[in-house]
Each structure stands twice: as C-alpha cells, then as structure tokens.
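Read through the structure below, which is laid out as structure tokens, and then see the notes.
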Amino acid sequence: MALSLSRQGLAASQSWRSDAVRKVDADYMRSADTHLIPLAFAGFPNIDFYFKDETSHPTGSLKHRLARSLFLYALCNGWLREGATVVEASSGSTAVSEAYFADLLELPFIAVMPVGTSPEKIAEIEFHGGRCHLVDDPTQVIDESRRIARETGGHFMDQFTYAERATDWRGNNNIAESIFSQMRAERHPVPSWIVCGVGTGGTTATLGRFVRYQRHATQIAACDPENSVFYDYFVSGDRDLRLNCGSRIEGIGRPRVEASFLRHAVDAMLQVPDLGSIAAIHELEVRLGRRVGGSTGTNFIAALSLALDMQAKNQSGSIVVILCDGGERYRHSYYDSQWLRQNGFNLDESKQALAATLDHGAALPFAVRSAMLETAQT
Ligand SMILES: Cc1ncc(COP(=O)(O)O)c(C=O)c1O
C-alpha cells in the first residue's frame, strides 16, 4: 500500500516536472531571436558598431535567457516541486524574468531586492504575480533570500552561483551563437570585440566560452561601473574583495566577487565612470532614437574606448555591444532631471564631448580604466 502511494506520488511529481519542462521549452519555441542593430559613427570610418538588442525578449532584458536556463536547470536537478515557492536575489531584471516563468508554472515567486530598485521593475514583477521583498542593505539580498527560502520550504534560485552553470555555452542559440549567425553577411563578420557588463557574470562566461569553443578570433570585454569589485578582482585575483555599498548602474556591478564571474573567460576588463554610462545613454537616445538602460551605457563607453585603441593602431573591424534592457524602466532615475541633479550628474558638457568622440574620433571625456587578462595577476 505505502509503496503504491509513494509510487503514485513519484508519478505525480514526475508528470508535473515533465509538463513544467514542456511549458518552459514552449516559451523558447514561441520566442523569436533578438535583433542586431548596426549604428555607424563618422568618427570611426573603419569600425562597425552593432547593438545586440535584448529588450525584445518577452520580459524586456537579457535576463529572459538566464531565467529560462535557471528554471530548466532547477527542474532537471529536481529542485522545484509543484506549488513550492521560488525565491531570487536580484537587482530587478532577473526577478522580472523569473516571475514570468514562475507564473507560467503556477509557482509563488518572491524577489529579494535592494530598496531603491526601480518602481517600474517592481510593477513588472507584480504584474507577473510575483511578490517583492525589499532590503535596506544591498549586500544582504542573498542571505535574506536563503532565509525566506528556508522559512517557506521553497527554492532559492541563486542566479549569482548558477548563472555560469545553467546556460548552455556551446550553442542552443545562446546569445553568442545568435550574434555570430546574425553577423555572417556583415563587412567584418567576426567581431574584434563583444562588450558586456557583469552582474552575475553569466553572460560574459557564455560569450567567452563560446568564442573559444568555436575558435573565433573575437575577444570578450567585460565592464564594470563604479562601486563594484569586479574590475579590481580581475586585476588582482583577490576573491575576498568587499564593498559596503551597491553600484548605481542597475543590473551590473557587485559589492562582492560572485561565483559566476569567471575572470579567465574574458580577455579584458574596463571600468567606466557612472557619469560616462549615463551620458552615453542620453547620447544613444538621440542616435538610436529610443531609450536604453544604464548598463548599455557602460557597455557603449567601454566599446568606444576599445574602438579608439583600434583606430590608433589603424585597425579596422566590428564591435558588438550588448543592449541589455530598455530605458522605460528608468524613467524615475537616469531619465529624471531631478534624480540626475540630486546625484550630481550634470550631463551637458559630457554629452557634447561624447558627440565629438562619435563624430570626429576625439578622445573620450571620461577616465576609463582597462586591463588585459594577460597582465592580470593569475
Ligand atoms: C540590465 C542588466 N544589464 C546587464 C546585466 C549583466 O548580466 P549578467 O548577470 O549575465 O552578468 C544584468 C544582470 O542582471 C542586467 O540586469
């Protein structure tokens, strides 16, 4: 009797899991690939810039890919059960995407985020049926997530640990494979650089591994904002680096070294001042004709720094910038003149100087730190 009951229980959980995997996979089948947008600048006649537009995912950012991978990884590891709560520590973007998948599987979802996370992202998480748990100290989101998962008997998805493991870096139309297939007919089909910021490190790990696996000559540049340890960790190798505050560029930068940031999977690291990131998104609004998120600004300034270096060496080629999320999520901050004033961002001069870089190849008006892997402490 007992055996048949547990066999029934097992059968029920197996069928729930199979159906859950089918639903997540079905989301992939229904999704079209994200676009690659070319953008030319007169100041760089021999360098072609492209933006990998991750805003066209159903949940509006590159995190849709990660959330799908994390759910499949957790399901296939047997970590998710019917009706059990899913918890995640996030700056918002991942939580929006995970809330979407939890809703798809009818699982309760709790996002643990720092106070100050964009109200737009909170509204999107709640739109997908998720609940937001805000913490005052951004360095506490992970411990608080563990506590809530324990108390609810749920599962802590833990993007910072599993991002680099859950994503299929060999292919399966990951972000890297998508870029290379979309570049096939371009003037420089194999990019000199692909540039992406680091939040978990999952995206740069996927880009770096894929490029090496496919033996492409492309190099991967990871970039960091202010108030983050990733750049210094890249240079020193010191995993114990800590900061007691979070970055102002939502989605990237962390106060501690996260497990999914694989410094040896990237070729270079650049640290961009926040003024540069924010001036860049305002200039991109003019050039792209729409608003993007702060981390895309960080990526763009890093790409320009690399392009100036290539131009100085008379090199030609293409550079791909990851366009991580849209600007509509930052109406209350980066695109709000009062917030900009209160945070000391006077953009006029920087935007003018940045326009001179784009139109005439002039030097960047920001001090960007950069380091190559080969010069970093091993
Ligand atoms: C807006 C945004 N940009 C970039 C990233 C960085 O992506 P990853 O976590 O793969 O390093 C994130 C991560 O949360 C993000 O939210």
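Is it true that Ser260 is part of a loop (DSSP other than H, G, I, E, B), modelled with pLDDT under 95 and within 12 Å of the ligand (Cβ to nearest atom)? Talk me through it step by step, then tell me what you get.
Working: part of a loop (DSSP other than H, G, I, E, B): yes; modelled with pLDDT under 95: no; within 12 Å of the ligand (Cβ to nearest atom): yes.
The answer is no for Ser260.
Could you tell me whether the stretch 55-65 includes any residue that is touching a strand residue (DSSP E or B) at 6+ places or on another chain (Cβ under 7 Å) and free of Cβ contacts under 8 Å to residues at least 60 places away in the same chain? For the stretch 55-65, residues touching a strand residue (DSSP E or B) at 6+ places or on another chain (Cβ under 7 Å) and free of Cβ contacts under 8 Å to residues at least 60 places away in the same chain: present.
Being over 28 Å from Leu364 (Cα atoms) and not aromatic (Phe, Trp, Tyr) is the requirement here; does Asp53 meet it?
Values: over 28 Å from Leu364 (Cα atoms): no; not aromatic (Phe, Trp, Tyr): yes.
Against the criterion (over 28 Å from Leu364 (Cα atoms) and not aromatic (Phe, Trp, Tyr)), Asp53 does not qualify.
Given the structure, is Ile148 open to solvent by less than 50 Å² (accessible area, probe 1.4 Å), modelled with pLDDT of 95 or more and in the same structural domain as Pro114 (by TED's automatic domain parsing)? So Ile148 passes the test. In the stretch 12-71, of all residues being within 14 Å of the chain's Cα centre (by Cα) and assigned to a loop (DSSP other than H, G, I, E, B), the one that is nearest to Gly327 (Cα to Cα) corresponds to Gly60.
Could we say that Ala166 is open to solvent by 10 Å² or more (accessible area, probe 1.4 Å), within 16 Å of the ligand (Cβ to nearest atom) and within 20 Å of the chain's Cα centre (by Cα) here?
Numbers: open to solvent by 10 Å² or more (accessible area, probe 1.4 Å): yes; within 16 Å of the ligand (Cβ to nearest atom): yes; within 20 Å of the chain's Cα centre (by Cα): yes.
Judged against the criteria, Ala166 is a match.
Using the structure shown, decide if Asp137 is within 25 Å of Pro225 (Cα to Cα) and either among the polar types (S, T, N, Q) or open to solvent by 30 Å² or more (accessible area, probe 1.4 Å) (or both). For Asp137, the condition - within 25 Å of Pro225 (Cα to Cα) and either among the polar types (S, T, N, Q) or open to solvent by 30 Å² or more (accessible area, probe 1.4 Å) (or both) - is met. The single residue among Ala307, Ala280, Ala303, Ala265 that is touching a residue at least 24 places away in the same chain (Cβ under 8 Å), surrounded by 21 or more Cβ atoms within 10 Å (Cβ to Cβ) and more than 16 Å from the ligand (Cβ to nearest atom) turns out to be Ala307. Cβ separations smaller than 7 Å between residues 6+ apart or across chains give the following pairs from the stretch 104-123 residues that are among the polar types (S, T, N, Q) to residues that are not in a strand (DSSP E or B): Thr117/Ser91; Thr117/Gly92; Ser118/Gly92; Ser118/Glu250; Ser118/Arg329; Ser118/Tyr330; Ser118/His332; Ser118/Ser333. Is it fair to say Ile110 is assigned to a helix (DSSP H, G or I) and in contact with a helix residue (DSSP H, G or I) (Cβ under 7 Å, 6 or more places away or on another chain)? Considered against the rule, which asks whether it is assigned to a helix (DSSP H, G or I) and in contact with a helix residue (DSSP H, G or I) (Cβ under 7 Å, 6 or more places away or on another chain), Ile110 comes out as no. As a summary of the residue check, Arg239 satisfies the conditions (1) within 12 Å of the ligand (Cβ to nearest atom); (2) open to solvent by 30 Å² or more (accessible area, probe 1.4 Å); (3) in contact with a Phe, Trp or Tyr (Cβ under 9 Å, 6 or more places away or on another chain) except for the one numbered (1). Does the stretch 96-103 contain at least one residue that is more than 16 Å from the ligand (Cβ to nearest atom) and crowded, with 24+ Cβ neighbours inside 10 Å? Checked against the condition, which is being more than 16 Å from the ligand (Cβ to nearest atom) and crowded, with 24+ Cβ neighbours inside 10 Å, the stretch 96-103 yields at least one hit.
Could you look through the stretch 283-300, keep only residues that are surrounded by fewer than 24 Cβ atoms within 10 Å (Cβ to Cβ) and touching a residue at least 24 places away in the same chain (Cβ under 8 Å), and pick out the one that is farthest from Glu374 (Cα to Cα)?
Taking the stretch 283-300 and keeping what is surrounded by fewer than 24 Cβ atoms within 10 Å (Cβ to Cβ), we get 283-291.
Going one step further and asking which of them are touching a residue at least 24 places away in the same chain (Cβ under 8 Å), we end up with 283, 285, 287-288, 290-291.
On the way: Glu283: 33, Glu285: 36, Arg287: 35, Leu288: 35, Arg290: 38, Arg291: 36 Å.
My answer is Arg290.
Somewhere in the stretch 35-57, is a residue within 12 Å of the ligand (Cβ to nearest atom) and hydroxyl-bearing (Ser, Thr, Tyr)? Yes; the residues of the stretch 35-57 include at least one that is within 12 Å of the ligand (Cβ to nearest atom) and hydroxyl-bearing (Ser, Thr, Tyr).
Applying the condition of being open to solvent by 10 Å² or more (accessible area, probe 1.4 Å) and closer than 20 Å to Ser31 by Cα to the stretch 65-92 and asking which residue is nearest to the ligand (Cβ to nearest atom) yields Leu66.
Determine whether Gly171 is farther than 17 Å from Ile319 by Cα, more than 12 Å from the ligand (Cβ to nearest atom) and either among the β-branched types (Val, Ile, Thr) or open to solvent by less than 30 Å² (accessible area, probe 1.4 Å) (or both).
Numbers: farther than 17 Å from Ile319 by Cα: yes; more than 12 Å from the ligand (Cβ to nearest atom): yes; either among the β-branched types (Val, Ile, Thr) or open to solvent by less than 30 Å² (accessible area, probe 1.4 Å) (or both): yes.
When the stated conditions are applied, Gly171 passes them.
Of all residues in the stretch 183-202, which are open to solvent by less than 30 Å² (accessible area, probe 1.4 Å) and either near the ligand (Cβ under 6 Å from one of its atoms) or among the small types (Gly, Ala, Ser) (or both)?
Pass one, the stretch 183-202, residues open to solvent by less than 30 Å² (accessible area, probe 1.4 Å): 183, 191, 193-202.
Listed by number, the residues that qualify are Gly197, Val198, Gly199, Thr200, Gly201, Gly202.
Here the helices (runs of 4 or more DSSP H) wholly within the stretch 289-378 that include at least 1 residues being within 19 Å of Ala42 (Cα to Cα) and assigned by TED's automatic domain parsing to the domain that holds Val272 are 294-312, 348-360.
The values are calculated or read from the model by the stated rules, or taken from the named source; none is laboratory data. A quick note: this is a predicted structure, and the numbers were derived from the prediction, not measured. Don't worry about glycine lacking a Cβ; one is built from the backbone with ideal geometry, like all the others, and counts go over all protein chains shown. We work out accessible area using only protein heavy atoms, side chains counted, and drop any ligands, DNA or RNA first. Shrake-Rupley method; radii C 1.70, N 1.55, O 1.52, S 1.80 Å.
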